[in-house]
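Derivation of every value follows stated rules applied to the coordinates shown; laboratory data play no part. On a predicted model such as this, the values are computed, not experimentally measured, just so you know. Note that each Cβ is placed from the backbone with ideal geometry, even for glycine, and that neighbours are counted across all protein chains shown.
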Amino acid sequence: MERSEMTVDQKREALEKALDRTDMLMEDFLDVLRQDFGEKKRNHRDFSSAAQKIVPDEKPEEKPEDKPVGKDDERLHMSMSALSADASGCTRCCLCRTRKNVVFGTGCSDRPLVMVIGEGPGENEDIQGLPFVGKAGQYLDRWLAAITLSRDKNVYITNTVKCRPPQNRDPYPEEKEACFAFLKQQVALIRPSAILCLGKPASTLMTGQPEASMNALHGKFFFYDSIPMICTYHPAAVLRDPALKRPVWDDLKKLARYLGLETGGGKA
Ligand code: SF4
């Protein structure tokens with residue numbers, strides 16, 4: 001076998017044998033000398049430690065997922081809890097006056113595949129304190145399942161504003177602006193592989209194009225803080241207008257292709 005084809009173990013074994021042979025020759029030579037001086041003692045030496053020094057054991061590369069949970073991970077969760085606690089008492093905009101609950105976010109908060117950003121909590125969300133739990137939320141779950149995503153496993157869901165706008169109106173620009181500090185920090189802590197913006201308030205805010213229409217924004221990839229981001233219509237809008245199903249499905253397939261996910265799970 002060529003030396004270049006040998007494994008580390010084979011190289012070390014061959015080296016040990018060669019050193020042993022050399023040692024035996026030396027001992028034989030010494031025997032002759034010792035016999036001459038009336039002394040005969042054979043002490044076979046162990047060369048494994050010398051061989052280990054010359055050809056050390058191959059160490060497997062440490063993969064990131066093999067690393068034990070460290071201080072950074074602890075800080076991540078502590079910071080998310082601290083941020084959530086901060087939001088729970090927030091009075092930065094007038095939406096605090098009418099809310100029942102602050103709807104901070106839900107799902108996988110540690111590097112999920114997708115972070116979904118919607119508009120704002122509706123009536124059910126305000127009551128339960130969780131985003132996307134009403135009819136539109138159940139529809140969103142079907143979209144996610146169609147591309148093998150799930151809020152329980154690999155998706156984090158939140159909104160541009162954490163408090164419900166009265167009568168489900170669109171959040172005002174100053175409300176989105178006031179709440180953006182929370183959203184920015186959520187993105188920075190969660191570090192998703194991709195962001196999916198649902199509806200005009202989230203899409204215009206995250207792309208920084210306040211005047212753009214959903215027709216212009218949907219289906220295109222943008223970057224937010226170096227994270228790829230795609231915009232599509234809000235599930236509530238699709239429930240009102242089934243003609244939007246086709247473009248939404250096309251947008252979801254683009255996202256799935258980028259993430260290397262299956263798209264055989266159905267359609268929007
Ligand atoms: S919407 Fe955001 S900024 Fe306004 S009160 Fe609620 S948490 Fe604070």
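Distance between Cα centroids, the stretch 133-162 to the stretch 174-203: provide it in whole Å.
So the separation of the two Cα centres works out to 15 Å.
Roughly what would the spin-label model give for Asp225 and Ser81, points 7 Å off Cα along C-beta, in nm?
2.1
So for the pair Glu13, Glu177, with labels modelled 7 Å out along Cα→Cβ, what separation do we get in nm?
In this crude label model, Glu13 to Glu177 measures out at 7.4 nm.
Please work out the FRET efficiency for the pair Lys100 and Gln209, using the Cβ-Cβ distance as r and a Förster radius of 41 Å; give the result to the nearest 0.05. Walk me through the intermediate numbers first.
Values: r = 32 Å, r/R0 = 0.79.
Using R0 = 41 Å, I get an efficiency of 0.80.
Report the gain in length on full extension from Gln167 to Glu123: 0.36 nm times residue separation, minus Cα-Cα distance, nm rounded to one decimal. Numbers along the way, then the final one.
On the way: separation 44, 0.36 × 44 = 15.84 nm, distance 0.85 nm.
Here the answer is 15.0 nm.
Taking the Cα-to-Cβ direction at Asp250 and at Glu262 and moving 7 Å from each Cα, how far apart do the two end points lie in nm?
Placing both labels 7 Å along Cα→Cβ, they lie 2.6 nm apart.
Count the lysine pairs in the stretch 72-259 that are 8 or more places apart or on different chains: how many have C-alpha atoms under 13 angstrom apart? Please list the in-between numbers first.
On the way: Lys100/Lys162; Lys162/Lys176; Lys162/Lys184; Lys176/Lys184; Lys176/Lys200; Lys220/Lys253; Lys220/Lys254; Lys245/Lys253.
Number of lysine pairs found: 8.
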